[in-house]
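Working notes for the structure below.
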Ligand SMILES: Nc1ncnc2c1ncn2[C@@H]1O[C@H](COP(=O)(O)OP(=O)(O)OP(=O)(O)O)[C@@H](O)[C@H]1O
Ligand SMILES: [Mg+2]
């Protein structure tokens, strides 16, 4: 499939409302999606997933299992080779339109080095021609939300790695997205900074009532943050399990050493180990036959 127009034409269904958000539809639905890159790599096979408004979903899996590919599809940056994605029940022809309210945060903060932190955060509003006064108020609010209220006039190089990531988060939040997509955003940070940012991200999720999809390699991070963990496996990339994590709204720092936290980590760890063993013995059988 080569273009969004072609994709939309194939994925539209009769009887769907043209605009608006049907209250019964999930925010995002992934229906039997495959992704084969032009070089032949099958990044995803038969992926099915729905994400309800207000969920915090982590995509957990080893390198190469297609986490970033799936996240890019949610953002409309990549298109499936087969299957469909729906946004509030609508075909993805809404990508880039005002209804497709999502933001993405990457592993690097990707700030413009020559611009102040406030100017970096204001960028999406400038691109959307939001009047300067309103934009400045929203930037101040977004910076305060990530603990950078006093750093608007600083340049990115004057900030620590954790603070740069906070600025990147503020830039994603300033547009007030329905869906926040994060691709291993804290993977390059030390453990203390990462734990702090995890806690602050959770607080932001609760306060703003937004929906979050978070990519990580870390079982601990996935369990601490999420209301549901989607476990993926590589070659080809696919979903092997979905594990609900109870009590997402009541977590604090003490939760990281609680019995229920350890139990959830153990469940996920065993699931991943079992899946890996099954995949290794399947390959051995292939080689022998
Ligand atoms: N543009 C591309 N062209 C060809 N193959 C690609 C492309 N992007 C990703 N791939 C391949 O698709 C598979 C899935 O890649 P993807 O980046 O989605 O995995 P990932 O789970 O995010 O990995 P990581 O944890 O290392 O970031 C990999 O085998 C990768 O090499
Ligand atoms: Mg990736």
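Some notes on this structure:
- Annotation: the residues 225, 127, 155, 268, sorted from fewest to most other C-beta atoms within 10 Å of their own C-beta, follow the order 127, 155, 268, 225.
- In the chain, helices alone account for a calculated mean residue ellipticity at 222 nm of -12000 deg cm²/dmol, with every DSSP H run of four or more residues adding -39,500 (n - 2.57).
- Listed by Cβ neighbour count within 10 Å, with the fewest neighbours leading, 249, 59 appear as 249, 59.
- The label point for residue 132 and the one for residue 267, both projected 7 Å from the Cα toward the Cβ, are 5.4 nm apart.
- By the count of other C-beta atoms within 10 Å, a proxy for reagent exposure, 67, 150 are ordered fewest to most as 150, 67.
- If the segment from residue 252 to residue 50 were pulled out straight at 0.36 nm per residue, it would be longer than the present Cα-Cα gap by 70.0 nm.
- The length gained on full extension between residue 217 and residue 150, counted as 0.36 nm times the residue separation minus their Cα-Cα distance, comes to 20.9 nm.
- Computed over the chain, the quotient of the alpha carbon radius of gyration and 2.2 N^0.38 Å is 1.05.
- If a spin label sat at a point 7 angstrom from the Cα of residue 234 along the line to its beta carbon, the backbone N atoms of segment 57-79 nearer than 16 Å would be those of 60-70.
- Multiplying the residue separation of residue 115 and residue 191 by 0.36 nm and subtracting their alpha-carbon distance yields 24.5 nm.
Each reported figure results from applying straightforward, stated rules to the coordinates on display, with no laboratory input. Values in this document were obtained by computation on a predicted structure and should not be read as measured data. FYI the Cβ positions are ideal-geometry reconstructions off the backbone, even for glycines, and counts take in every protein chain you see.
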